[in-house]
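The values are calculated or read from the model by the stated rules, or taken from the named source; none is laboratory data. Small disclaimer: the values here were computed from a predicted structure and weren't measured. Neighbour counts run over all protein chains shown; Cβ positions are idealised from the backbone, glycine included.
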Amino acid sequence: MARKIIAALSDSTVFLRAWIANPQRTGAVAPSSPQLGAAMARWLPRDRESFVLELGPGTGAVTDALLKHGLREDRLVAIEKNPDLAKRLQKKFPRAHIIAGDAWDLDQLLRDCPLPIESVGAVISSLPLLNFPKAQADELAQKIRAILEPRGRWVQYSYHIVKDRSRGADDFRLLASKIVWLNLPPARVSVFQK
Ligand SMILES: C[S@@+](CC[C@H](N)C(=O)[O-])C[C@H]1O[C@@H](n2cnc3c(N)ncnc32)[C@H](O)[C@@H]1O
């Protein structure tokens, strides 16, 4: 228990430091709550062989939830722009494929990855899309569409809780959307399919 509390405090400190260094990119002052992580993890693919792509894993709060909900660590590929956070995550999840890079390069990064990844069963994104211009969010959404399996899901959270459509998701079908109040701040999880 004490070890868990120390780990949570250390993640919060690392996260806050990342936010002070780059608030726009980090997009939040604290890691997501276990409740928000669980709301995202509900949408993992049923096929345990499927790869899952996580965008913006930060200190791994959502990653933890994905693994707790049965995702195989060796099926997780995560792209994190902050190289210090990426290094930390790779230590924490040694069998996962953590890529220090830009989510907007996901097509190229997955092509260059030593694993043969042609498609993924889900994209789980914590990227602060509202901090990016719409054209840039649209560009990312097209790349997500191209990498998703036909029935794959794009799960995205946002602190803009009144809107159920994430920026960039205009061409996707909205499958589900719900507010998670137990998070700082409350967030909306929306699930899209192509
Ligand atoms: C709101 S935080 C979420 C962190 C974690 N998933 C959570 O929910 O606690 C957003 C994360 O996205 C990362 N990020 C921002 N822009 C990115 C980009 N272009 N490519 C990859 N990661 C990015 C940030 O460094 C940060 O770790």
Per the filter on region 40-62, residues within 11 Å of the ligand (Cβ to nearest atom) and under 13 Å from Val189 (Cβ atoms) are Met40, Val62
Taking region 80-135 and keeping only residues that are in a loop (DSSP other than H, G, I, E, B), of a type in the set (Gly, Ala, Ser) and in contact (Cβ under 8 Å) with a residue 60 or more places away in the chain, one is left with Ser119, Ser126
Among the residues of region 114-140, the number that are within 15 Å of the ligand (Cβ to nearest atom) and either surrounded by fewer than 19 Cβ atoms within 10 Å (Cβ to Cβ) or not aromatic (Phe, Trp, Tyr) (or both) is 17
Among the residues of region 141-153, the number that are within 15 Å of the ligand (Cβ to nearest atom) and touching a helix residue (DSSP H, G or I) at 6+ places or on another chain (Cβ under 8 Å) is 3
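So that you can scan it fast, the table gives a plain yes or no per residue for (1) buried (at least 16 other Cβ atoms within 10 Å of the Cβ); (2) away from the ligand (no atom under 16 Å from the Cβ); (3) modelled with pLDDT of 95 or more:
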{"position": "Leu71", "(1), (2), (3)": "yes, no, yes"}
{"position": "Asp74", "(1), (2), (3)": "no, yes, yes"}
{"position": "Pro83", "(1), (2), (3)": "no, no, yes"}
{"position": "Ala86", "(1), (2), (3)": "yes, no, yes"}
{"position": "Ala96", "(1), (2), (3)": "yes, no, yes"}
{"position": "Asp102", "(1), (2), (3)": "no, no, yes"}
{"position": "Asp107", "(1), (2), (3)": "no, no, yes"}
Q.
Can you confirm whether Thr26 is near the ligand (Cβ under 7 Å from one of its atoms), farther than 23 Å from Gly152 by Cβ and at pLDDT 95 or above?
A. no
Filter region 170-194 for residues that are basic (Lys, Arg) and at pLDDT 95 or above; the one that is surrounded by the most Cβ atoms within 10 Å (Cβ to Cβ) is Arg188
Inspect region 118-128 for any residue being modelled with pLDDT under 95 and either within 21 Å of Gln193 (Cβ to Cβ) or over 15 Å from the mean Cα position of the chain (by Cα) (or both) and give the result as yes or no.
yes
Condition first: loosely packed, with under 14 Cβ neighbours inside 10 Å, of a type in the set (Val, Ile, Thr) and free of Cβ contacts under 8 Å to residues at least 60 places away in the same chain. Can you find one or more residues in region 145-162 that meet it? yes
